[in-house]
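The values are calculated or read from the model by the stated rules, or taken from the named source; none is laboratory data. Nothing here was measured: the structure is a model prediction, and the numbers come from that model. FYI the Cβ positions are ideal-geometry reconstructions off the backbone, even for glycines, and counts take in every protein chain you see. What goes into the accessible areas is simple: the full protein's heavy atoms, side chains included, and nothing from ligands, DNA or RNA. Shrake-Rupley method; radii C 1.70, N 1.55, O 1.52, S 1.80 Å.
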Amino acid sequence: MDESDGIRSVQRVDARHRYEILVDGRRAGLAAYRDRGAQRVFFHTEVDDAFAGQGLGAELVQSALADVRESGKRVVPVCPYVAKFLKRHEEFADLADPVTPDVLSWLEDELR
């Protein structure tokens, strides 16, 4: 069976500070974040090589941003992939806060 035919789902895994995209129950990618007050700071997105080229990264980020909107939080796109996604998808532009030196310093401390 072709991997792209699998059943896809995105879930937020709060205990691990990330969203995961699953294909047939197998984790195919993730978008990692840390919460800073009312902001969800995304700092890393990846899709497993076995699932590359199937649009899973975009699907993952779109679902994550929709979840952030629903929760009433704001997005800080430290992750270049999330930043690029926001530029291409105007419908999420209202969620974005700028990446500032303050946020970067805070994130560095968080990830220590």
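Taking 7 Å steps out from each Cα toward its Cβ at A15 and R69 produces label points 3.0 nm apart.
Each residue of segment 92-101 was assigned a 3J(HN,Hα) from its phi angle through the Karplus expression (A = 6.51, B = -1.76, C = 1.60, θ = phi - 60°), giving 10, 4, 5, 8, 7, 10, x, 7, 10, x Hz with x at Gly and Pro.
Per residue, the accessible area of the chain comes to 56 Å² when a 1.4 Å probe rolls over the protein heavy atoms. Split the accessible area of segment 1-63 by element, probe 1.4 Å, and carbon with sulfur accounts for 43%. Scalar couplings 3J(HN,Hα) for segment 29-36, obtained by applying the Karplus form with A = 6.51, B = -1.76, C = 1.60 to θ = phi - 60°, are x, 8, 10, 8, 8, 9, 8, 10 Hz; x denotes Gly and Pro. Remark: spin-label model distance V99-A83 equals 0.3 nm, labels positioned 7 Å along the Cα→Cβ axis.
Mean separation of Cα pairs under 8 Å and 6 or more residues apart, divided by the residue count, gives the chain a relative contact order of 20 percent.
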